Amino acid sequence: MNCIVIDDEATARMIISQLCSNVPSLNVLEDFPNAMQAIKYLNQNEVDLIFLDIHMPDFTGFDFIETLKNPPKIVLTTSDPNFAIQAFEYDCIVDYLVKPVTQERFQKAIDKAEAIQDAPVKTVSESEKVETSSGNDLYVNIDRRLIKIDIPSIYLVEAKGDYIQVKTEDKNYTVHSTLKKIEEKLPDSLFLKVHRSYIINIKKIIDIEDNSVLIKKDVIPVSRSNRPELMKRLNLL
Amino acid sequence: MEQPNQSYIDSLSGDDKAFKQKLIDIIKREFPEEKQIYFDNYNAKNYKLAADNVHKLKHKISILGLEKGYEVAVAYELSLEDGKSDEKEQFEAILTTITKYLVDL
């Protein structure tokens, strides 16, 4: 099995790699000090198994799993046994190793991973994170909590790398998702993508000038290709 | 006072002396960095971040066979998450013990 190791602690990465080296069926392709680097790697490479630390700054192991549409088998590695219950929520997680990991316990995890047939695994996909919307509500996953956002209160969604920022009348939310995913969940009657990085609520527009719109205090660029659709949607005199 | 040992490191390394030395080198490099970050966060009253640092140090404590020290670290991490620091002195004594041990390692 081709595998990768994700852990913010170099010592832990080295130990897991050493444990892997004692198992002939395992081939460690890479190790990563954070989940973001691993996500980039997985966009271009396939692996059979991931050794994943849960407790990492900024982006936890569970956050990482939820970004994967078709996650491979995952063995969690952690110093905190208290996350075990949460681990059972994910079918892709085959075992849960508490550090420091011994070779014997590690081997058991590998045996489990190898015993599992290549049945499709199911987890909360990135799209499902925003598919849980109903009616006027949109639920977004932030810090392992599903936060309800009132859709009409959203006035702007901005792409920021691997994240989107959802701005509402009351509060701003930073969510690990894409503009495309949230665009699918927002009603066309209210929202329009005016630029590759921005979706606006057209009811919240204050004014339009040349190639930009003013929404609240945000001046948002309108790309040339999106301008005709924007003009069509306005009630022009 | 409980003293660190190399039982886990030895069991992991087997006859692989190169690996053992590399692992020790990494621990010697990472431990002081993690310890300093913990002190910085604690002194700045960033208790939640300090709890994260204790969480990471916990692994080193267990690698070095400090079973009682590990229990102290578990309790201290929980205390810090609640904004308390009941086990601070005990925990920092463990850090001192490890620091001295690593110097001679």
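Nothing in this text is a laboratory measurement; each read-out follows from the coordinates by a stated rule. What you see is a predicted model; the values in this text were computed from it and never measured. So basically every Cβ, Gly included, is an ideal-geometry build from the backbone, and we count neighbours across all protein chains shown.
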Exercise for the section: Using R₀ = 25 Å, calculate the FRET efficiency as 1/(1 + (r/R₀)^6) where r is the Cβ-Cβ separation of A:Met1 and A:Asn34; round to 0.05. Expected result: 0.65
Problem - Gyration tensor (alpha-carbon) shape descriptor, region A:2-115, a/c threshold 1.5 - result: rounded
Practice task
Express the relative contact order of region A:151-233 as a whole percentage, based on alpha carbon pairs under 8 Å and six or more residues apart in sequence.
Solution key: 22
Practice task
Quantify how strongly other chains surround peptide A:16-24 by giving the mean number of their Cβ atoms within 10 Å of each of its Cβ atoms.
Solution key: 2
Fill in the blank from the handout: The simple spin-label model distance between A:Asn172 and B:Phe39, using points 7 Å out along Cα→Cβ, in nm, is 3.6
Practice task
Rounded to whole Hz and in sequence order, give me ³J(HN,Hα) for region A:40-49 from the Karplus expression 6.51 cos²θ - 1.76 cosθ + 1.60, θ = phi - 60°, writing x for Gly and Pro.
Solution key: 4, 5, 6, 5, 10, 9, 9, 10, 8, 8
Exercise for the section: Estimate the FRET efficiency between A:Asn211 and A:Asp143 by the formula 1/(1 + (r/R0)^6), using the beta-carbon distance for r and 35 Å for R0, to the nearest 0.05. Expected result: 0.45
Completion exercise
Each label sits 7 Å from Cα toward the beta-carbon; between A:Arg196 and A:Ser225 the label points are separated, in nm, by 0.8
Practice task
Could you give me the percent of Cα pairs per 10 Å distance bin for chain B, shortest bin first, beginning at zero and ending with the bin that holds the maximum distance?
Solution key: 15, 48, 27, 8, 1
Problem - Inter-chain Cβ neighbour average for residues B:54-64, partner chain, 10 Å - result: 5
Completion exercise
Residues whose modelled amide H sits under 5 Å from the amide H of A:Thr168, counting only those 5 or more places away in sequence or on another chain, are A:Tyr155, A:Tyr173
Fill in the blank from the handout: Simple SL model, points at 7 angstrom along Cα→Cβ for A:Val98 and B:Met1; separation in nm is 2.7
